[in-house]
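The values are calculated or read from the model by the stated rules, or taken from the named source; none is laboratory data. Keep in mind that this is a model prediction, so the values were computed, not measured. Quick reminder, even Gly has a Cβ in these numbers, built from the backbone with ideal geometry, and neighbours come from all protein chains shown.
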């Protein structure tokens, strides 16, 4: 039965005059318009069908319902044959075509804006409810690109659909079109993974310069500083860039003219800047800070000099953002990494990328010993500085939990460093088999946030290591009791001078935590 | 006899095999494959090589792996004339080698977007497919000059070659190519940014049949190269120089003096071109139909006047960003021969001096289908409305946004109309 109706439908498509034609969108409508007034459907047919114009007596199935909806362009949903109704339906079709044209124009405007000014560094939305003037919604002023809000409701669905059609192979887009469409899409919604993936494909096939993606991501982050997909894509691109062998076409075109090391340095600097900016735009921007950590791990390979630079350069920022937990976690990461770099003795030291020290070290044991001496000396000093920094901030800004958490971490690091330096080789590696022991009594002592921040995978606070430490402490008097005393004095001082209720609460909690440490 | 006597479809009884084959030859791939599943008889007929002369695998793109191409080539053998693998990113050199070996009569091959293929494919084509006439290698970025050397040796019948965005190509490749393929009619080199004038000199020397040349974004080209092309290729009908920002009127002069058959000229973003050059061009090339002069910012109404007088066949004209154009130029254009009947498309976006008066002039253009007025800030909604009253079929594009955004595709919002009750 169905076969026959299909057969009949095929015949009808070819122009049987007495039945409604299956409406083919776009191409045929345009050709019809060329030749004069649109031939609207025979009004008798429109008016007479009870089942919505299906003829043949079929039950409308999913496909036919879709066609019925598409038919609205030729007739009205009710099959009404009144002129006004037909005109309204036709107007809507015209409108959607107009929208398509308008959107294509806006995409072109965006492309032209980037062409005219390659130094655009910020994007934003301009509140503008309707297009009152015949003026482009893309506004370029000084290095800022603005998009008027009235066009977004047309722009976004259209480009979105266009990309999906490309992806589902219903429509082909050439290289330039793909780049323009994905660029527009990602500036409006950078969490659209498919668009980033299309760009990944273009990069892999050598038709798109990865630097452009970094630039695009940077722009998207000025408006969407948290966007997780942008950060993820950024890491993918950076990984591609540091694997130089995977980019043969760019090598031959001379894009990698600068020395690889230099280029990496530049990339690192750029990433630090991008992260810094994104962190400033959104409070406690976890994505930005963890990206920063990733860069240090994978691009800088935890080079001690860079770590030290970062420590000093983020100090000011941290003091201006005293509630930014992620910012302080970053400092903790830096300190942890520095410690792990330098406590590994002797020959193992060479495997760390302490490039500067290596250059200065003369061959022979003497040199190695002195360099390890150097870095060992610095560490306690660094930690002392950090404690001082923390003291300063706690005094200046009472009532911020972040500062107290930070203090706990720093103190803990000091605690470890002072107490167990020669033993720490056993405690350190990132892949240590942690967390199997039943140290339940220890868990409340550790600030619970420290569990969540194992971004670097170093289980410095792994339960196994902690239990060994406490066992040792039980056997011998704690060598860092001096430090503990200092802390208690500090707490007393805070409690006696503070007027903030929260501050007092935090101080007391800190004291309790210290108590668990020395158990 | 292939057909059994019992259980036979009517169509098999009534039509001889030859006619069935003829019917099948009209079917697309999907239908053919379905037919091949109907019965053994139809399987043989549907998969007969003669039905597989033209194949387009665009709808299957990422599904198409090498194996598919190899199977098709074995099945179709010498029958296959036209194959499109546009977008099939999974296809690589080895499958195309098998393909070339099996389908030696291939004439039309589209490898647009097959980014995996390298010079090796072109060597294979050169060895086996001497009948190749049309080859599209758009976006095959691994193609180098060696491919062109290969093609010039083996595919001497080549008439159409598209190397858009194959940006490793340099003048050496072009030289090798044109020496071998002197019958080239269309050469598309969009985005081949390493090409310089010397490459064009080689084209001048060998490709006298050249009808269509695309040098979009080949920004190193200067007048010298274009002059050479014109001298060598007098049959030129379509030329795209968009993005070649170094060109001056000297290029237009050369075109005027050497290529009288020119129909299509795209010179977008060639901002040094002036009225003088276009005047000479208009006076000599009367067949001009389409011109893209976007961002040719120096041209004035004078160019429009010359075009109006000398080019009666003008159908499409883009004057985007030509900020010196005024209503007066439009007046001349609309009163001309081409204006009255031929002119279909006119782009005046970003022509800031255009006002509603120009729209009044354009009411004479009975053939006008599309008018672009983006950023023409002196044009008003009322002016557009008035014009559309006279020319109901023209589409006028401006930034005055449509009033209601459309709902999702296919899903129509129900419209209230006076006579219907349903909302």
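Quick check: anything in the range B:141-159 within 27 Å of residue A:178 (Cα to Cα), more than 14 Å from chain A (Cβ to nearest Cβ) and not in a helix (DSSP H, G or I)?
no
Does residue B:308 satisfy the criteria of being surrounded by 19 or more Cβ atoms within 10 Å (Cβ to Cβ) and over 22 Å from residue B:211 (Cβ atoms)? Outline the logic, then answer.
Numbers: surrounded by 19 or more Cβ atoms within 10 Å (Cβ to Cβ): yes; over 22 Å from residue B:211 (Cβ atoms): yes.
Judged against the criteria, residue B:308 is a match.
Of A:152, A:159, which residue is under 26 Å from residue A:117 (Cα atoms), crowded, with 21+ Cβ neighbours inside 10 Å and in contact with a helix residue (DSSP H, G or I) (Cβ under 8 Å, 6 or more places away or on another chain)? Give the steps one after another, and end with the answer.
Numbers: A:152 fails: crowded, with 21+ Cβ neighbours inside 10 Å.
Only one candidate passes the filter, namely A:159.
More than 9 Å from chain A (Cβ to nearest Cβ), assigned to a loop (DSSP other than H, G, I, E, B) and modelled with pLDDT under 90: does that describe residue B:416?
It is false that residue B:416 is more than 9 Å from chain A (Cβ to nearest Cβ), assigned to a loop (DSSP other than H, G, I, E, B) and modelled with pLDDT under 90.
Of the residues B:76, B:88, which is assigned to a loop (DSSP other than H, G, I, E, B) and either within 14 Å of chain A (Cβ to nearest Cβ) or touching a residue at least 24 places away in the same chain (Cβ under 8 Å) (or both)?
On the way: B:76 fails: assigned to a loop (DSSP other than H, G, I, E, B).
It is B:88.
For the range A:111-138, give me the residue count where each residue is surrounded by 13 or more Cβ atoms within 10 Å (Cβ to Cβ), in a loop (DSSP other than H, G, I, E, B) and away from chain B (no Cβ under 14 Å).
Count: 3.
Can you find a residue in the range B:370-379 that is at pLDDT below 95, within 12 Å of chain A (Cβ to nearest Cβ), under 20 Å from residue A:135 (Cβ atoms) and surrounded by fewer than 19 Cβ atoms within 10 Å (Cβ to Cβ)?
Looking through the range B:370-379, at least one residue is at pLDDT below 95, within 12 Å of chain A (Cβ to nearest Cβ), under 20 Å from residue A:135 (Cβ atoms) and surrounded by fewer than 19 Cβ atoms within 10 Å (Cβ to Cβ).
Residues B:125, B:96, B:109, B:132: which one is more than 14 Å from chain A (Cβ to nearest Cβ), in contact with a strand residue (DSSP E or B) (Cβ under 7 Å, 6 or more places away or on another chain), within 21 Å of residue B:49 (Cα to Cα) and not in a loop (DSSP other than H, G, I, E, B)? Talk me through it step by step, then tell me what you get.
Working: B:125 fails: in contact with a strand residue (DSSP E or B) (Cβ under 7 Å, 6 or more places away or on another chain); B:96 fails: in contact with a strand residue (DSSP E or B) (Cβ under 7 Å, 6 or more places away or on another chain); B:132 fails: not in a loop (DSSP other than H, G, I, E, B).
Checking each option against the conditions leaves just B:109.
Hey, among the residues in the range B:160-171 that are crowded, with 22+ Cβ neighbours inside 10 Å and assigned to a strand (DSSP E or B), which one's nearest to the other protein chains (Cβ to nearest Cβ)?
Here the answer is B:162.
Which of the numbered conditions does residue B:37 fail, given that it passes all the others? Conditions: (1) free of Cβ contacts under 8 Å to residues at least 12 places away in the same chain; (2) away from every other protein chain (no Cβ under 14 Å); (3) surrounded by 13 or more Cβ atoms within 10 Å (Cβ to Cβ).
(3)
Considering only residues that are outside any helix (DSSP H, G or I) and touching a residue at least 24 places away in the same chain (Cβ under 8 Å), look in the range A:139-189 and name the one that is farthest from the other protein chains (Cβ to nearest Cβ).
Of all residues in the range A:139-189, those outside any helix (DSSP H, G or I) come to A:139-148, A:168-174, A:189.
Next, from what is left, pick out any that are touching a residue at least 24 places away in the same chain (Cβ under 8 Å): A:140, A:143-145, A:147, A:189.
Values: A:140: 13, A:143: 21, A:144: 19, A:145: 17, A:147: 13, A:189: 17 Å.
Selected residue: A:143.
From the residues in the range A:98-110 that are touching a strand residue (DSSP E or B) at 6+ places or on another chain (Cβ under 6 Å) and at the interface with another protein chain (Cβ under 9 Å from one of its Cβ atoms), which one is surrounded by the most Cβ atoms within 10 Å (Cβ to Cβ)? Break it down stepwise before answering.
So the first thing to find is which residues in the range A:98-110 are touching a strand residue (DSSP E or B) at 6+ places or on another chain (Cβ under 6 Å), and the list is A:101, A:109-110.
Next cut, at the interface with another protein chain (Cβ under 9 Å from one of its Cβ atoms) only: A:101, A:109.
Details: A:101: 15, A:109: 21.
Step by step, filter the range A:98-110, then rank; the result is A:109.
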